[in-house]
Amino acid sequence: MTTVEKAANWSRTRSMWPATFGLACCAIEMMATGAAHHDLARFGMEVFRASPRQADLMIVAGRVSQKMAPVLRQVYDQMPDPKWVISMGACASTGGMFNNYALVQGVDQIVPVDIYVPGCPPGPQSLMHGILTLHDKIMAGEIKR
Amino acid sequence: MLLLAGLFVFVSLVMSKMVSPDRPTPEKLDPYECGIVPEVEAIQRFPVKFYLVAMLFVIFDVEIIFLFAWASIWTALGWYGVAAMLIFTFFVMETLMYVWKRGALDWNVKRRARYVSQETSEAA
């Protein structure tokens with residue numbers, strides 16, 4: 001990895017702005033992760049951008065219904081590169097406990113996912129572990145954007 | 001300090017342009033509409049009353065600026081200032097009356113009698 005790549009990776013991880021994609025209960029745990037006790041602001045990620053144009057990271061937090069799937073894809077498409085996706089919780093990763101016709105069985109059927117965070121819902125520590133694992137992978141050069 | 005400012009500009013503009021990936025896709029270039037695919041073009045015809053309201057605002061805002069200037073030293077200007085300001089305000093109020101009766105301030109009026117001058121009605 002060249003120095004420019006290392007510097008770019010370092011700066012990308014240190015201020016990775018998440019896009020608000022809290023769909024269901026996992027969103028509450030995501031809010032808790034951003035709140036005071038488990039603080040996301042210490043990683044530069046306290047601003048959850050409402051507009052995908054200003055976001056780097058899409059944390060899909062919750063059940064993705066079949067109706068929401070095209071919206072999710074459009075929002076993902078409208079994020080500028082480089083972008084990463086964390087699938088938070090069981091429902092976003094595999095469909096969770098809802099093995100039915102209404103929900104997409106895993107958001108990786110729609111968008112490419114980098115990190116899967118298991119849990120129903122994953123506690124703030126788990127989500128933070130997922131985010132920090134993503135940071136480590138970017139810094140090590142395993143995920144090239 | 002100047003070096004720091006220059007370095008900041010260089011890093012944030014030039015360096016980010018060099019390092020950032022540029023991969024435009026048609027979906028990415030669509031206007032953002034909360035995730036739905038845009039159906040209607042953004043720029044459409046809009047009612048001309050918005051333009052009228054903006055233009056009238058500019059005119060009356062200039063009047064207000066003059067009133068502010070007078071109001072800040074009105075005690076020093078005395079009755080002469082009051083009289084001069086009243087005459088100025090009267091002329092602007094005449095404009096307001098004309099605009100009012102002409103219907104430029106109406107917003108959602110179903111039907112109103114159109115203003116027809118003497119000459120055209122005689123011609124008709």
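Distance from a point 7 Å along Cα→Cβ of residue B:69 to each backbone N in the stretch B:81-102: keep the residues under 18 Å and list them by number.
B:81-93
With Cβ to Cβ distances under 14 Å as the rule, what net charge do the other residues near residue B:42 carry (K, R +1; D, E -1)?
-3
Once amide H atoms are placed 1.01 Å from N in the peptide plane, what residues at a sequence separation of 5 or more from residue A:106, or on another chain, have their amide H within under 5 Å of its amide H?
For residue A:106, the qualifying residues are A:94, A:95.
Using only the alpha-carbon atoms, how far is helix B:74-102 inclined from the longest principal axis of chain B? Give it as 0 to 90 degrees, nearest 10.
80
Relative contact order for chain A: what is it in percent, counting Cα pairs under 8 Å that are at least 6 residues apart?
25
Could you let me know the centre-to-centre spacing of the stretch A:129-145 and the stretch A:30-94, using Cα atoms, in angstrom?
Answer, in whole Å: 16.
Where is the GNM fluctuation largest for chain B (alpha-carbon springs, 10 angstrom cutoff): B:78, B:103, B:35?
Its mean-square fluctuation being the largest, the pick is B:35.
Compute the Cα gyration tensor for chain B, then decide on rounded, prolate or oblate, letting a ≥ b ≥ c be the square roots of its eigenvalues: rounded whenever a/c is under 1.5, prolate when a/b is larger than b/c in the other cases, and oblate in all that remain.
Cα axes put chain B in the oblate bin.
Below 8 Å, C-alpha to C-alpha, sequence gap of six or more: please give me the relative contact order for chain B in percent.
19
Under the classification rounded if a/c is under 1.5, otherwise prolate if a/b is larger than b/c and oblate if not, where does the stretch A:105-145 fall, given a ≥ b ≥ c as square roots of the Cα gyration tensor eigenvalues?
Oblate.
Where nothing but the Cβ of Lys and Arg (+1) and of Asp and Glu (-1) is charged, how large is the charge dipole of the stretch A:40-145 around its Cα centre, in debye to the nearest 20?
Its charge dipole is roughly 200 debye.
Please check the stretch A:28-62 for residues whose accessible area, probe 1.4 Å, is lower by 50 Å² or more when all protein chains are in place than in their chain alone.
A:53
Using the Cα atoms of the protein assembly as shown, I'd like the radius of gyration and the largest Cα-Cα distance, Dmax, both in angstrom.
Here Rg and the maximum Cα pair distance are 29.7, 87 Å.
Could you pull out every residue, at least 5 positions away or on a different chain, whose amide H is within less than 5 Å of the one on residue A:59? Hs are placed 1.01 Å off N in the peptide plane, and Pro or chain starts have none.
A:19, A:21, A:86
Return the lysines within reach of residue A:137: Cα separation strictly under 16 angstrom, same-chain partners fewer than 8 residues apart disregarded; answer none if there are no such residues.
Once the sequence-local lysines are set aside, what remains near residue A:137 is A:6, A:83.
When you look at the Cβ of every residue in B:29-42, what mean number of other chain Cβ atoms sits within 10 Å?
That average works out to 3.
I'd like the orientation of helix B:49-72 relative to chain B: the angle between its Cα long axis and the longest Cα principal axis, in ° from 0 to 90, rounded to 10.
Approximately 70 degrees, to the nearest 10.
So if each residue of separation counts as 0.36 nm, and I subtract the Cα-Cα distance between residue A:66 and residue A:50, what length gain in nm does that give?
Between residue A:66 and residue A:50, full extension yields 3.6 nm more.
First select every other residue whose beta carbon is under 13 angstrom from the beta carbon of residue A:138; then total the charges, Lys and Arg +1, Asp and Glu -1.
+2
Quick one: in the stretch A:5-107, what % of C-alpha pairs are over 21 Å apart?
More than 21 Å apart: 36 percent of the Cα pairs in the stretch A:5-107.
Taking R0 as 30 Å, what FRET efficiency do you get between residue B:40 and residue B:60 from their Cβ-Cβ distance, rounded to the nearest 0.05?
Efficiency, from the Cβ-Cβ distance: 0.30.
The values are calculated or read from the model by the stated rules, or taken from the named source; none is laboratory data. Everything numeric here is computed off the predicted structure, so don't read it as measured data. Positions of Cβ are generated from backbone atoms using ideal geometry, with glycine treated the same way; all protein chains shown enter the neighbour counts. What goes into the accessible areas is simple: the full protein's heavy atoms, side chains included, and nothing from ligands, DNA or RNA. Shrake-Rupley method; radii C 1.70, N 1.55, O 1.52, S 1.80 Å.
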